[in-house]
Amino acid sequence: KTAIKTAINTEKGTLENLQINGYEGVFVIGSSMNTLLWYDGVYTYKITSVIGKDELIKIAESITAK
C-alpha cells in the first residue's frame, strides 16, 4: 500500500466531526475554503470548495466507489 499525505489549512478555521454515509469524517470551515474529508475503510475522500457544508454533504453522500 502507498501512503497518501494530505494537508488542510485549519488556520483561523473550525473543525466539526460528522458522518458521511455512516463513515467518520471532518468538515473544516476555513478562512477562504471549506473542506470535507472522510474515509470509507478503503478510500479517502476530500472535497474543497467555497460552497457551504450542507451542499458539500449532499455531494459527498452521492459519491459511490466503483
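Any read-out appearing in this document is the output of simple, stated calculations on the displayed coordinates, not a laboratory observation. Nothing here was measured: the structure is a model prediction, and the numbers come from that model. Cβ placement follows ideal geometry from the backbone for every residue including glycine, while neighbour counts extend to all protein chains displayed.
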Legend entry - the chain - Rg (one decimal) and Dmax (whole number), Cα, Å: 11.8, 36
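Work out how much length Lys5 to Val50 would gain on full extension: take 0.36 nm times their residue separation and subtract the Cα-Cα distance, in nm to one decimal. Spell out each step's value before the answer.
Working: separation 45, 0.36 × 45 = 16.20 nm, distance 2.23 nm.
Result for the pair: 14.0 nm of gain on full extension.
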Legend entry - Lys, Arg +1 and Asp, Glu -1 on Cβ, resulting dipole of the chain about Cα centre, debye, nearest 20: 260
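In percent, what relative contact order does the chain have, based on Cα pairs under 8 Å that are 6 or more apart in sequence? Don't jump to the answer; show the numbers that get you there.
Details: 91 pairs, mean separation 14.2, N = 66.
Relative contact order of the chain: 21 percent.
Which of the GluC sites (Glu not before Pro) found in the chain are in a DSSP loop and have at most 12 neighbouring Cβ atoms, other than their own, within 10 Å?
Numbers: sites: Glu11, Glu16, Glu24, Glu55, Glu61; in loops: Glu11.
Answer by residue number: Glu11.
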Inset, instruction - Report, in deg cm²/dmol and to the nearest 500, the calculated mean residue ellipticity at 222 nm for the chain, where each DSSP H run with n ≥ 4 adds -39500 (n - 2.57) and the sum is divided by the residue count. - result: -4500 deg cm²/dmol
Inset, instruction - Please give the helix 53-62 orientation as an angle from the longest Cα principal axis of the chain, in degrees from 0 to 90, rounded to the nearest 10. - result: 10
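At a Förster distance of 22 Å, what's the computed FRET efficiency of Thr14 paired with Tyr39, Cβ-Cβ distance as r, to 0.05? Working shown, then result.
Numbers: r = 20 Å, r/R0 = 0.93.
Calculated transfer efficiency: 0.60.
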